[in-house]
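A.B. asks: I have a structure I would like to understand better, so I am pasting it below and will then ask my questions one at a time.
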Amino acid sequence: MITIHEKNSTIFDTLGLGALLPSLCTVKEELNGLYELELEHPYDEWGKWEDIENGRILCVSTPRGKQPFRIYNIKPTMESIAVNARHIFYDLLDNFIQSCSISAQSAQSTLNSLKSSFNYSMPFTFNTTLIGTGSMSVSNINPIAALLGDGKDNYSFVSVFGGEILRDNYNISFLPSIGNDKGVSIRYSKNLIGLEIEEDISEVATKIFPVGKDGLIGSPVSSSHISDYPYPKARKYEDSSLTTQAQLTTFAQSILNSGVDLPTVNIKADFQLLAKTEEYKNFAILEDVQLGDVVTVVNSKMNFSKKAKVIFYEWDCLLEKYSTVELGDFVADITSSITSGEKSLLTALGASTEVKQVYGLISGKVSINSTGLYICVDGSSIDTAAKVFHFGSNGLRYSSTGVNGTWKTILDSDGNVTT
């Protein structure tokens, strides 16, 4: 049932102004992006179409239950009325943050500070389970740009802390991931009706040249997929904390293990077309996934499997089922993505919100590389800190003279306390 409610409504568990009888109603949502509704309503004999006004709120079914959408555009035609509406979250477009400066705050404290900086109060709650601290400064900007960015700069909550947004009525949450890996696996081949597949090899690397501290160059490491392409795809990756050939070799292998030697994959499933094919049963399982869920994509011809996320869907509110689901490639190994040098760092920051969260955590007093985890007690990085803890193959160690100083073992690699 699709109901319409007055402009100032905040609770949608009643019929409101009444139920509508649209001929078409679809919702589109993109991971950390748009969340919109399109509706077409005939000029019905009961006059329900007369309730449709700009600013009023439509409550419709979505994959995550009933959600409110505020009408912002109405276009009458000879046969019907075409309506565009945005999720109630986009009411924040009309608010304003004149100035908000945040230094070394937790993710939740940052959200609280941003909300306190609104020009006027709104009935939204903001919650997060993201960890780490961050700093950001915004001015003369609407809250949505401050939260998700406006495409012009990186000064937004998501660019600092990472995370994925879950919009549920007036409750807004930022989580490491709004979905789960439910063990769903799909196999595909080209030229399947109803399945649009894009494979991109422009960023593939099959031969890694690792570079460490002070330009130390390691021996190149080749991928098992090197013969899949006409020529080796050689790429340089850097980590300035690495000081030995053994570390560089391990580092290069970890880059390959992260999947850089495989194409990126984007798959768009059109269920209406797929339903007409014999192969539909192989993809029907996608009807049970939600935005942010992780799916294993298998290409039998190339003999590889990759993880991909549901990054977009189109939902038929009348039939209460998906029309389209889109899977996008993302970085599968967080640690190796962070430590794999400039090229993969830029890829990580642009591709995966899990990576962004971890990067926000470890870019300061915590650092991860192929030798283990470093935590700085003082200083701003492992290069400047005197007091440092290290978790690695030797167990838990402590140094009071910096990362290149003398280490004392606290717990050995078997978990035994040392004296």
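The values are calculated or read from the model by the stated rules, or taken from the named source; none is laboratory data. Just so you know, these numbers come straight off a predicted model, no measurement behind them. Quick reminder, even Gly has a Cβ in these numbers, built from the backbone with ideal geometry, and neighbours come from all protein chains shown. These accessible areas exclude ligands, DNA and RNA; they are computed on the full protein's heavy atoms, side chains included. Shrake-Rupley method; radii C 1.70, N 1.55, O 1.52, S 1.80 Å.
A.B. asks: For residues in the range 121-139 being closer than 14 Å to GLY163 by Cβ and not β-branched (Val, Ile, Thr), which is surrounded by the fewest Cβ atoms within 10 Å (Cβ to Cβ)?
C.D. replies: Checked the range 121-139; the qualifying residue surrounded by the fewest Cβ atoms within 10 Å (Cβ to Cβ) is ASN127.
A.B. asks: Let me ask something else. Name every residue in the range 2-31 that is assigned to a strand (DSSP E or B) and crowded, with 17+ Cβ neighbours inside 10 Å, in order of residue number.
C.D. replies: If the condition is that a residue be assigned to a strand (DSSP E or B) and crowded, with 17+ Cβ neighbours inside 10 Å, then THR3, ILE4, HIS5, GLY16, CYS25, THR26, VAL27, GLU29 are the ones that fit.
A.B. asks: When only residues in the range 1-39 that are more than 11 Å from PHE69 (Cβ to Cβ) and in contact with a Pro (Cβ under 6 Å, 6 or more places away or on another chain) count, which is modelled with the highest pLDDT?
C.D. replies: That would be SER23.
A.B. asks: Take the residues of the range 372-386 that are surrounded by fewer than 19 Cβ atoms within 10 Å (Cβ to Cβ) and either in contact with a Gly (Cβ under 8 Å, 6 or more places away or on another chain) or at positive phi (or both): which is modelled with the highest pLDDT? Break it down stepwise before answering.
C.D. replies: Initially, the range 372-386 is screened for residues surrounded by fewer than 19 Cβ atoms within 10 Å (Cβ to Cβ), giving 372-373, 375, 377-381, 383-384, 386.
Next, only the ones that are either in contact with a Gly (Cβ under 8 Å, 6 or more places away or on another chain) or at positive phi (or both) stay: 372-373, 379-381, 386.
Details: GLY372: 75, LEU373: 79, GLY379: 67, SER380: 59, SER381: 66, ALA386: 84.
Filtering first and then ranking leaves ALA386.
A.B. asks: Taking the range 233-243, which residues are out of contact with any Ser or Thr (no Cβ under 9 Å at 6 or more places or on another chain) and either within 10 Å of ILE208 (Cα to Cα) or open to solvent by less than 40 Å² (accessible area, probe 1.4 Å) (or both)?
C.D. replies: LYS236, the sole residue that qualifies.
A.B. asks: Would you mind stating whether LEU175 is buried (at least 17 other Cβ atoms within 10 Å of the Cβ), in contact with a Ser or Thr (Cβ under 7 Å, 6 or more places away or on another chain), on the phi < 0 side of the Ramachandran plot and aliphatic (A, V, I, L, M)?
C.D. replies: Working: buried (at least 17 other Cβ atoms within 10 Å of the Cβ): yes; in contact with a Ser or Thr (Cβ under 7 Å, 6 or more places away or on another chain): yes; on the phi < 0 side of the Ramachandran plot: yes; aliphatic (A, V, I, L, M): yes.
Yes.
A.B. asks: Show me the strands (runs of 3 or more DSSP E) entirely contained within the range 61-148 in which 2 or more residues are within 27 Å of THR26 (Cα to Cα).
C.D. replies: Details: elements: 67-76, 80-87, 97-106, 125-128, 133-141.
Passing ranges, in order: 67-76, 80-87, 125-128.
A.B. asks: Which residue pairs have Cβ atoms closer than 8 Å, lie 6 or more positions apart in sequence or on different chains, and pair a first residue in the range 244-255 that is under 10 Å from GLY212 (Cα atoms) and in contact (Cβ under 8 Å) with a residue 24 or more places away in the chain with a second residue that is open to solvent by 60 Å² or more (accessible area, probe 1.4 Å) and among the β-branched types (Val, Ile, Thr)?
C.D. replies: Filtered contacts from the range 244-255: LEU248/ILE217.
A.B. asks: How many residues are under 18 Å from VAL325 (Cβ atoms) and out of contact with any Ser or Thr (no Cβ under 8 Å at 6 or more places or on another chain) if we restrict to the range 32-55?
C.D. replies: Residues flagged as under 18 Å from VAL325 (Cβ atoms) and out of contact with any Ser or Thr (no Cβ under 8 Å at 6 or more places or on another chain) within the range 32-55 amount to 4.
A.B. asks: Looking at the structure I just gave you, is TYR398 among the aromatic types (Phe, Trp, Tyr), modelled with pLDDT under 85 and in a strand (DSSP E or B)?
C.D. replies: no
A.B. asks: Report yes if ASN84 is touching a residue at least 40 places away in the same chain (Cβ under 8 Å) and either out of contact with any helix residue (DSSP H, G or I) (no Cβ under 6 Å at 6 or more places or on another chain) or open to solvent by less than 20 Å² (accessible area, probe 1.4 Å) (or both), otherwise no.
C.D. replies: yes
A.B. asks: Is it the case that the range 354-369 has a residue that's modelled with pLDDT under 85, in contact with a Lys or Arg (Cβ under 7 Å, 6 or more places away or on another chain), part of a strand (DSSP E or B) and surrounded by fewer than 20 Cβ atoms within 10 Å (Cβ to Cβ)?
C.D. replies: No, because not a single residue in the range 354-369 is modelled with pLDDT under 85, in contact with a Lys or Arg (Cβ under 7 Å, 6 or more places away or on another chain), part of a strand (DSSP E or B) and surrounded by fewer than 20 Cβ atoms within 10 Å (Cβ to Cβ).
A.B. asks: Filter the range 32-49 for residues that are within 19 Å of CYS317 (Cα to Cα) and either under 33 Å from the mean Cα position of the chain (by Cα) or open to solvent by 50 Å² or more (accessible area, probe 1.4 Å) (or both) and give the result.
C.D. replies: LEU34, TYR35, GLU36, LEU37, GLU38, LEU39, GLU40, LYS48, TRP49
A.B. asks: Could you say whether any residue in the range 274-293 is modelled with pLDDT of 80 or more and basic (Lys, Arg)?
C.D. replies: Looking for residues that are modelled with pLDDT of 80 or more and basic (Lys, Arg), one finds none in the range 274-293, hence no.
A.B. asks: Also, I was wondering about something else. Just to be sure I understand, how many residues within the range 60-81 are buried (at least 19 other Cβ atoms within 10 Å of the Cβ) and more than 26 Å from the chain's Cα centre (by Cα)? Walk me through it before giving the result.
C.D. replies: Let us first name the residues in the range 60-81 that are buried (at least 19 other Cβ atoms within 10 Å of the Cβ), namely 60-63, 67-71.
Checking which are more than 26 Å from the chain's Cα centre (by Cα) leaves us with 71.
Adding up the residues that qualify gives 1.
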